[in-house]
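Data block below; observations after.
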Amino acid sequence: MSSKAVVLFSGGQDSTVCLAWALDRYETVETIAFDYGQRHRVELDQRRIVLRNLTAINPSWQNRLGEDHLVGLPELGKISETALTREAEIVLTENGLPSTFVPGRNLLFLTYAAAIAYRRGIGRLVGGMCETDYSGYPDCRNATLESLAATLSLGMDAKFSIETPLMYLDKAQTWAMAEELGGERLVELIVEDTHTCYLGERTGRHDWGYGCGGCPACELRAKGYLSWRSAMI
């Protein structure tokens with residue numbers, strides 16, 4: 001194994017599973033997150049806790065975890081006018097997408113990640129995008145990400161790949177992957193430390209973690225957890 005990767009790590013369930021997946025495979029794994037004025041900015045606070053506690057699960061992960069990068073993108077929040085970047089109701093819009101869709105978010109995130117990776121000699125980007133259990137975001141689709149990887153490679157004259165280990169998994173399978181990677185300790189870390197709720201709610205504790213319990217992100221996480229636990233009985 002002689003490889004490096006940069007993981008888009010927000011502090012949520014999916015990106016935590018992806019980080020563990022990458023730490024299991026690559027010699028050096030760096031992380032990157034973005035502050036774009038998100039309504040659930042608490043995820044940026046939680047990610048530091050996750051990074052601190054994740055490496056205690058597996059000693060080899062501590063040796064492989066590299067530098068963390070936090071990039072400010074305040075203008076994205078200002079121009080996007082979505083329910084993720086302002087106090088607004090989460091509803092379906094006229095184009096069939098939920099009002100939580102931030103146009104171009106994943107495209108920008110991966111482009112910035114590639115710019116950092118380029119200077120550090122890293123050609124592998126890892127993200128938690130998924131087109132199975134998701135809200136229909138077009139920048140989560142595999143075709144979008146394959147096209148973006150080709151564009152980044154052409155535009156920087158360097159080979160980039162975008163790896164999405166959750167692309168065809170549902171949320172129950174994502175919980176199962178967490179257990180496979182880090183056992184019950186990783187599952188417990190995801191429950192206690194990660195943040196998914198779009199409203200930034202961390203006062204209500206559920207079996208599956210903290211959140212409002214009613215937003216699309218909470219509903220997906222809860223449904224997946226219950227399905228996974230039920231399958232184990």
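The values are calculated or read from the model by the stated rules, or taken from the named source; none is laboratory data. Note that the structure is predicted; figures quoted are calculated from it, not measured. Here the Cβ is made from the backbone with ideal geometry for all residues, glycine too, and neighbour counts use every protein chain on show. Quick note on the areas: whole protein, heavy atoms, side chains included, nothing else; ligands and nucleic acids left out. Shrake-Rupley method; radii C 1.70, N 1.55, O 1.52, S 1.80 Å.
When the residues of the range 187-206 are narrowed to those that are touching a Ser or Thr at 6+ places or on another chain (Cβ under 8 Å) and of a type in the set (A, V, I, L, M, F, W, C), which ends up surrounded by the most Cβ atoms within 10 Å (Cβ to Cβ)? By that ranking, first place goes to I190.
Matching residues to (1) at pLDDT 95 or above; (2) closer than 22 Å to R41 by Cα:
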position: G121; (1), (2): yes, no
position: D133; (1), (2): no, no
position: M177; (1), (2): yes, no
position: C215; (1), (2): no, yes
position: R221; (1), (2): yes, yes
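Note down all Cβ pairs under 6 Å where the first residue falls in the range 19-31 and is of a type outside the set (D, E), the second is open to solvent by less than 40 Å² (accessible area, probe 1.4 Å) and in a loop (DSSP other than H, G, I, E, B), and they're at least six residues apart or on different chains. Cβ pairs passing all conditions: L19/F9; W21/P165; Y26/S3; T31/F9. The single residue among R47, R52 that is in a helix (DSSP H, G or I) and either surrounded by 21 or more Cβ atoms within 10 Å (Cβ to Cβ) or of a type in the set (V, I, T) (or both) turns out to be R47. Restricting to the range 215-233, name every residue that is assigned to a loop (DSSP other than H, G, I, E, B) and either open to solvent by 50 Å² or more (accessible area, probe 1.4 Å) or among the aliphatic types (A, V, I, L, M) (or both). Residue satisfying the conditions is I233 alone. In contact with a strand residue (DSSP E or B) (Cβ under 6 Å, 6 or more places away or on another chain) and within 24 Å of R48 (Cβ to Cβ): does that describe G127? For G127, the condition - in contact with a strand residue (DSSP E or B) (Cβ under 6 Å, 6 or more places away or on another chain) and within 24 Å of R48 (Cβ to Cβ) - is met.
For A22, the stated conditions do not hold, so it cannot be described as within 27 Å of G121 (Cβ to Cβ), touching a helix residue (DSSP H, G or I) at 6+ places or on another chain (Cβ under 8 Å), open to solvent by less than 10 Å² (accessible area, probe 1.4 Å) and modelled with pLDDT of 80 or more.
L110 falls short on exactly one of the conditions (1) at pLDDT 95 or above; (2) out of contact with any Pro (no Cβ under 9 Å at 6 or more places or on another chain); (3) open to solvent by 20 Å² or more (accessible area, probe 1.4 Å); (4) of a type outside the set (F, W, Y), and that condition is (3).
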